[in-house]
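The values are calculated or read from the model by the stated rules, or taken from the named source; none is laboratory data. Note that the structure is predicted; figures quoted are calculated from it, not measured. Methodologically, a virtual Cβ is constructed for each residue, glycine included, from the backbone with ideal geometry; neighbour enumeration extends over all protein chains shown. In case anyone asks, the SASA skips ligands and DNA or RNA and just uses the protein heavy atoms, side chains included. Shrake-Rupley method; radii C 1.70, N 1.55, O 1.52, S 1.80 Å.
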Amino acid sequence: SSPTSDPLNICLVLDLTYLKKGWIALDPIPGPGRILPVCGVVGGKYYLFSGENTMINNAGTKYRHILQDAYCLSVTKSSSTID
């Protein structure tokens, strides 16, 4: 919800042809929770890249950890898959 909130790995979809259903939760995105990911749609598939979360180093100090992963979500009326 904001750059200072806890990282999340939730995945929500909104069917624009049937808005009354509202947002629908899908399976969580694999990998760690994240904030500030880069997202886009190409060819009907949704792509999620990178983002960041926080970790604690050996000295006990919290720091930003930049993620280097990527996922592709394919959604159809009957199913969804995250690769």
How large is the Rg to Rh ratio of the chain when both quantities use alpha carbon positions and Rh follows Kirkwood? 1.04
Residue-normalised accessible area of the chain, given per residue in Å² at a 1.4 Å probe: 74
Quick one: pull the percent of accessible area on the chain belonging to carbon and sulfur, 1.4 Å probe, ligands and nucleic acids left out. 59
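What is the magnitude of the charge dipole of region 1-62 about its Cα centre, with +1 placed on the Cβ of each Lys and Arg, -1 on the Cβ of each Asp and Glu, and no other charges, expressed in debye to the nearest 20?
100
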